[in-house]
Structures are given as C-alpha cells and as structure tokens.
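Here's the structure, in structure tokens; my notes come after.
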C-alpha cells in the first residue's frame, strides 16, 4: 500500500501506468487471497517480490549516485534474481497452485485471479526486457541509462 501511495504522489516516470497497474494488481491479489482464505497465493507473491526487490532498491540507490559500475553489478544481480523468482518460479508456482490443485469453492473468482496473475507475470517479463536493453545500452555507450 505504501508503494502505491508513494508512486501516486512521487515523480512521474516513464513506466507510471505499468507500475500503478502492478501495485493495484498485487494489492488486490494479496488482500483477496487473505479474504478468500487462499493464502498460498498471497504468500508466494510477497516472498517472490520481496526477494528481488532487495537488488532493485540497491540498483536504484547506486544508479542515482555516481557509482555507475556498482549500479551495473547490482543490476546483474537484480536480473538474476528477477529472472529466477519472477520469470521462472512465479509462473510455475502459480500454475501449481491454481491448475494442479484448484480451489473448488472459489470457482467464481478463479478466472479473475488467473487474469490478474497473468497480468503480473506479463509485467515481470516486460520489465526484464528493459533490464536487458539497459545492459546492451551500457555495453554500447559505456553509461547506464534508465530506459
């Protein structure tokens, strides 16, 4: 919730809409999973997001300072954890939660959750694409730019 508030009142960046959608979907999934007693979904979302957010914060921290080399190192660490947790593990675990062991009592909200989880997964791949572009931009121009 705090990130959504900070995002709404903070500096408008070029991915404002995507981040706003990401925060709304994540909040809905977390609170909805608690409300409908399917806590596994919310717990997985929190765990997988928090793990890669460590390196995301470090990359932003060093990127806003003059430590460009350290920023690129933390970006590579972010890319590794992001790919592992959000692009591989997240879709696999969500598939296992919702398809292999479906919640029979949640047939009404299951399509909504599947849609929201899919939106979250697509956003993760979308941002990973930009991480790769930043690395290629750095390799070509010798400086890191927030694309």
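Under the condition of being touching a helix residue (DSSP H, G or I) at 6+ places or on another chain (Cβ under 6 Å) and modelled with pLDDT under 75, the residues counted in the stretch 4-44 number 4.
From 47, 90, which residue is surrounded by 18 or more Cβ atoms within 10 Å (Cβ to Cβ), in a helix (DSSP H, G or I) and modelled with pLDDT of 80 or more? 90 is the lone residue from the list that is surrounded by 18 or more Cβ atoms within 10 Å (Cβ to Cβ), in a helix (DSSP H, G or I) and modelled with pLDDT of 80 or more.
Of the residues making up the stretch 129-147, one or more are at pLDDT 85 or above, touching a helix residue (DSSP H, G or I) at 6+ places or on another chain (Cβ under 9 Å) and surrounded by fewer than 16 Cβ atoms within 10 Å (Cβ to Cβ). When the test is whether a residue is surrounded by fewer than 16 Cβ atoms within 10 Å (Cβ to Cβ), free of Cβ contacts under 8 Å to residues at least 12 places away in the same chain and assigned to a helix (DSSP H, G or I), residue 27 does not pass it.
Among the conditions (1) closer than 14 Å to residue 128 by Cβ; (2) surrounded by 18 or more Cβ atoms within 10 Å (Cβ to Cβ), residue 62 misses just one, which is (1).
The values are calculated or read from the model by the stated rules, or taken from the named source; none is laboratory data. These figures come from a predicted structure and were not determined experimentally. Heads up, the Cβs are rebuilt from the backbone with ideal geometry, glycines too, and the neighbour counts pull from every protein chain shown.
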